[in-house]
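Okay, structure first, notes after.
The values are calculated or read from the model by the stated rules, or taken from the named source; none is laboratory data. Here the structure is a predicted model, which is why all the values come from computation and not from measurement. Here the Cβ positions follow ideal geometry from the backbone for every residue, glycine too, while neighbour counts run over all protein chains shown.
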Amino acid sequence: MTYLRIAGQFLVIAALFVAVAAFSDWPVYRQISRGSAIVMLSFVHGADRKAECRRLTPEEIQKLPPNMRRVQECPRARRPVYVELDLGGKTVFQANLPPTGIAGDGQSKVYERFVVPVGKHDIAVRMRDTPRTDGFDHERKAVVTLVDDQLFVIDFRAESGEFVFR
Amino acid sequence: MISAARRVLRYGFELIERPFERLFGPALNPLSQLGALGFFFFWVVAVSGIYLFIFFDTGIERAYESVEYISRNHWFHAGVMRSLHRYASDLLVVMVTVHLLRQFAYDQYRGVRWYSWFTGLPIIWLLYGSGITGYWLVWDRLAQYVAITTSELLDRLPIFGEPIARNFISTGTLSSRFFTLMVFMHIAVPLFLLFLMWVHIIRISRPKMNPPRALALMMLLALIGVSMWKPALSQGHVDLAKAPVEVGLDWFYLPLYPLTEVWGRGGVWAFLGAFSLMIGLMPWLPPLRRARPAQVDLNHCNGCARCAEDCPYEAIRMVGRTDDLPYPTQAQVNPALCVSCGICVGACPSSTPFRRSEELKTGIDLPDYDLKTLRERTIEAAAALSGPGRVLIFVCDHGGGRRLDGTVRMPCVAMAPPSLFDFVLSRNLADGIVIAGCAEGACYNRLGVDWTKQRIAGTRDPYLRARVPRERIATIWAPALETSRVAAEIASFTKEIAKHPLQKLRAPQAPSVPAQPGNDRALTEVGS
């Protein structure tokens, strides 16, 4: 009876620990199907301010508290950034990215992922960050060959004002 | 719906607890040691983590290499420690989950128990925080997946200006200092977790923080065994140019991560919010209606502190005397902590049904079910007995005997003072007594089974007098599901008692003489 009990205890504990060891890394999780790659559109960029700085009139300056008097008023709020992404000649993403921050003066951000089959792809990305209503301020096109599981990132460098493909 | 779920779960637990109790014995039954095992696995994680920290390098490249070095070159000590760290962490999740489900199943989370239930919620969050930051540190493909998915989830919250996830999709954006920060998080979060584990049990009297040594040894040996058999290994160096599309997930810590693909990040947050809200509100959905808390009668309280000693919920404390009686202390009940289990009534030396005062009173009593009522119900139930084997049955509200007829029912069998059993047998009210309480490892009021056993065995004050024939008292510890087993064992005991009519008990030589340690073995324990 004692041996049976010990054997039973061993079996119960072994079953628990084997289950724990198994589920600690199995079953394997596959995020995207085989033969696919990921195109990631991700950047942080601040568009122009909504309005230009304006010189205050002497009356307006006079109305301000003495320690806060200034000659110019520069609105903080930014415009949204408009962005479009084409994959294989088809627009897969277009959005007006609002500025972040409570006062709407932060940078606009985008973080979008597209799963595509491996192989050659025409990629085109366009962005508008000024008051213009047609056309684009920044644009880049390329034909890229994507391999299995590749993470292809489309970023934007504000310093050089260009899209970066990597 | 909550009640239905509770009933189904309770049925499930009761179904597996009995075989577990038979296999391991009541003391080593893992299902009644879940909290203690949780603490045990936490300490294994802490010790193995400290050991691993000696070898871990926080450099951006060195993090992965240092973990690989200990797993390959020093597998026999540091590698085993890494596996212990991993598997003990997983087992901690298992213990916490089963513990939570069991407390829910046995309705041990409402009323004054809301505190432990509620403080368990941040423990779950911190436990997952600890595990997730740990996976991050290895900086392998799984770490990359965890880093990206975690930061994408965090980015969904309107807190961060720039998406954190951008740091993990291209090279050159991370510095070694990031790993220093993660190491700090991986130490600070578990430390805070430990603090909350202490807060979690602070209102419980005699919390089980350490499992029995034999059980702890079994678990440790099994942990070492599984660590040698299937060592925890990394899943290849991070490659930020490739998406971590195929990873071996730890399903104990990361089951929600794949759901971000199905529900979206907002959906996962909504689920987590709803889950937390539900868990947080459950003690009041609906609130537990309980009897009024115990009350102290100073005229009968001599400040002996036995009630305070026996209370499973720290609801009674001894304070300075407020009347003129010549005792230094008196009992004081905290109504916010009292569950009205009546264990204090059974512990009070004034609780003796032999008292000849006009109205039976005791030092501490339940206003809705006082000792006088208990004595009346005992006499009433005994009067209905007939035949050669008259067995009087005392049952609790939660055990296997609760559905039987003709019993004397109480919130907990430890409410019956040992003198009540003496009273029944010495007054020839019955030929034998059955005490049917909860299963040994699953006492609804935590300590009722232990205290009853010890009082009858003469190892806990108030003792059952030595003159009471122990062979005429049977205890049956069974879960609510096992009514038929309880009935069968009562029938068997009744048959046995019928063969030996009760002789008149001799007068005790001295009151409250504890039984000799050997004598208590004569107690008939049915079904053990």
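Summary of values
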{"item": "Matching entry among A:114, A:93, A:136 (being of a type in the set (Phe, Trp, Tyr), closer than 25 Å to residue B:172 by Cβ and under 22 Å from the mean Cα position of the chain (by Cα))", "result": "A:114"}
{"item": "Selection within the range A:22-70 - of a type in the set (Gly, Ala, Ser), touching a Ser or Thr at 6+ places or on another chain (Cβ under 8 Å) and either within 14 Å of another protein chain (Cβ to nearest Cβ) or in a strand (DSSP E or B) (or both)", "result": "A:46"}
{"item": "Which listed residue is assigned to a helix (DSSP H, G or I), surrounded by fewer than 21 Cβ atoms within 10 Å (Cβ to Cβ) and without any contact (Cβ under 8 Å) to a residue 40 or more places away in the chain, from B:188, B:216", "result": "B:188"}
{"item": "Failed item, numbered, when residue A:122 is tested on (1) within 14 Å of chain B (Cβ to nearest Cβ); (2) modelled with pLDDT of 95 or more; (3) more than 17 Å from the chain's Cα centre (by Cα)", "result": "(1)"}
{"item": "Criterion: part of a helix (DSSP H, G or I) and away from chain A (no Cβ under 14 Å) - qualifying residue of B:84, B:121", "result": "B:121"}
{"item": "Matching entry among A:91, A:133 (being of a type in the set (Ser, Thr, Tyr) and assigned to a loop (DSSP other than H, G, I, E, B))", "result": "A:133"}
{"item": "Answer residue from the range B:221-236, given it is in a loop (DSSP other than H, G, I, E, B) and not aliphatic (A, V, I, L, M) and is nearest to the other protein chains (Cβ to nearest Cβ) among those", "result": "B:230"}
{"item": "Boolean, residue A:78 is among the charged types (D, E, K, R) and surrounded by 18 or more Cβ atoms within 10 Å (Cβ to Cβ)", "result": "yes"}
{"item": "Residues of the range B:227-245 classified as in contact with a helix residue (DSSP H, G or I) (Cβ under 8 Å, 6 or more places away or on another chain) and surrounded by fewer than 21 Cβ atoms within 10 Å (Cβ to Cβ), total", "result": "11"}
{"item": "Enumeration of residues in the range A:71-88 that are of a type in the set (A, V, I, L, M) and outside any strand (DSSP E or B)", "result": "A:71, A:77"}
{"item": "Residue list for the range A:31-57, restricted to those being more than 30 Å from residue A:161 (Cα to Cα) and either small (Gly, Ala, Ser) or surrounded by 13 or more Cβ atoms within 10 Å (Cβ to Cβ) (or both)", "result": "A:31, A:32, A:33, A:35, A:36, A:56"}
{"item": "Strands (runs of 3 or more DSSP E) wholly inside the range B:351-463 containing at least 1 residues that are polar (S, T, N, Q) and at pLDDT 95 or above", "result": "none"}
{"item": "Criterion: closer than 27 Å to residue A:7 by Cα, modelled with pLDDT of 95 or more and in a helix (DSSP H, G or I) - qualifying residue of B:13, B:41", "result": "B:41"}
{"item": "Unique match (being on the phi < 0 side of the Ramachandran plot and in contact (Cβ under 8 Å) with a residue 60 or more places away in the chain) among B:368, B:405", "result": "B:368"}
{"item": "Residue in the range B:156-175 that is under 34 Å from the mean Cα position of the chain (by Cα) and more than 14 Å from chain A (Cβ to nearest Cβ) present", "result": "no"}
{"item": "The range B:246-258: number of residues that are more than 7 Å from chain A (Cβ to nearest Cβ) and in contact with a helix residue (DSSP H, G or I) (Cβ under 6 Å, 6 or more places away or on another chain)", "result": "3"}
{"item": "Boolean, residue B:459 is touching a strand residue (DSSP E or B) at 6+ places or on another chain (Cβ under 6 Å) and among the polar types (S, T, N, Q)", "result": "no"}
{"item": "Among the candidates B:11, B:64, residue that is within 27 Å of residue B:117 (Cα to Cα), in contact (Cβ under 8 Å) with a residue 60 or more places away in the chain and either touching a Gly at 6+ places or on another chain (Cβ under 9 Å) or away from every other protein chain (no Cβ under 13 Å) (or both)", "result": "B:11"}
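The rows are residues; the columns are (1) among the aliphatic types (A, V, I, L, M); (2) away from every other protein chain (no Cβ under 14 Å); (3) more than 26 Å from the chain's Cα centre (by Cα).
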residue	(1), (2), (3)
B:238	yes, no, yes
B:241	yes, no, yes
B:260	no, no, yes
B:265	no, no, yes
B:289	no, yes, no
B:312	no, yes, no
